[in-house]
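Encoded as C-alpha cells, the structure appears first; notes follow it.
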C-alpha cells in the first residue's frame with residue numbers, strides 16, 4: 001500500500017494523545033517481564049482508525065515482534081527475519097505501508113514498566129550502572145519523543161494533541 005493513501009485515511013481522525021497511550025502502555029499486564037535488561041525488544045507502533053463510533057481520535061497501537069513465531073515451536077533464524085515477517089503481517093492485516101511501520105519501530109527493555117520487580121538486582125551489582133528510575137525515565141522520554149514523531153509524520157500540519 002502506498003503511504004499517501006494511508007495518510008489520507010488516517011488524517012480523517014484527530015491525532016492521538018501520546019501521553020494517554022504511554023500511561024496505558026507502561027502499566028499493562030506482565031508482558032514486560034519477557035523483555036531483557038537491554039533495549040533489544042523490537043516493538044512496532046502504528047496508528048489505526050478509531051473503533052468506537054463516537055470517538056474521532058486515531059489509536060496508537062503496537063505489537064512486539066518477539067511474540068511472532070513461524071509455527072508451533074519454530075522460531076525465526078534472526079531478529080531481522082522476524083521483524084520482516086511482523087512488518088508483512090501488519091502491512092497485510094491493517095494495510096499500513098512499510099515506511100510508516102519502519103518509522104514506528106522502537107527498542108524497549110523491561111525497564112519500561114514502572115513496577116519491574118527485579119530492578120534492585122540490576123543496579124546493585126554494579127555502582128556504575130544507571131538506576132532503575134533513571135533507565136525507566138530515559139525510555140519513557142525516548143518513547144514519548146518517538147511517538148510524537150510518528151504522530152507528526154502522519155498528521156503533519158493537522159492539529160496535534162498536547163503531550
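Quick one: how many residues across region 136-163 are modelled with pLDDT under 85, more than 16 Å from residue 23 (Cβ to Cβ) and surrounded by 15 or more Cβ atoms within 10 Å (Cβ to Cβ)? Residues meeting the conditions: 1.
Collect the residues in region 46-60 that are in a loop (DSSP other than H, G, I, E, B) and surrounded by fewer than 17 Cβ atoms within 10 Å (Cβ to Cβ), keeping them in residue-number order. Selection gives 49, 50, 51, 52, 53, 54, 55, 56. Taking the conditions exactly as written (out of contact with any helix residue (DSSP H, G or I) (no Cβ under 6 Å at 6 or more places or on another chain), in a strand (DSSP E or B) and within 17 Å of residue 90 (Cα to Cα)), does residue 43 satisfy them or not? For residue 43, the condition - out of contact with any helix residue (DSSP H, G or I) (no Cβ under 6 Å at 6 or more places or on another chain), in a strand (DSSP E or B) and within 17 Å of residue 90 (Cα to Cα) - is met.
Any residue in region 19-43 that is closer than 19 Å to residue 131 by Cα sitting within a Cβ distance under 6 Å of a residue that is at pLDDT 85 or above and assigned to a helix (DSSP H, G or I)? List the pairs, counting only those 6 or more apart or interchain. Once the first residue is closer than 19 Å to residue 131 by Cα and sits in region 19-43, its partners that are at pLDDT 85 or above and assigned to a helix (DSSP H, G or I) give 26/112; 32/110; 32/112; 35/110. Restricting region 6-36 to residues that are more than 17 Å from the chain's Cα centre (by Cα) and either assigned to a loop (DSSP other than H, G, I, E, B) or modelled with pLDDT under 85 (or both) leaves a set whose member that is farthest from residue 141 (Cα to Cα) is 12. Note on region 76-132: residues that are under 20 Å from the mean Cα position of the chain (by Cα), crowded, with 18+ Cβ neighbours inside 10 Å and modelled with pLDDT under 75 amount to 1.
Quick check on residue 66: is it surrounded by 12 or more Cβ atoms within 10 Å (Cβ to Cβ), modelled with pLDDT under 90 and not in a strand (DSSP E or B)? Yes; evaluated as a whole, the condition is true for this residue.
The values are calculated or read from the model by the stated rules, or taken from the named source; none is laboratory data. This one's a predicted model, so the numbers in the text were calculated from it and none came from an experiment. All Cβ positions, even for glycine, are placed from backbone atoms using ideal geometry, and neighbour counts span all protein chains on display.
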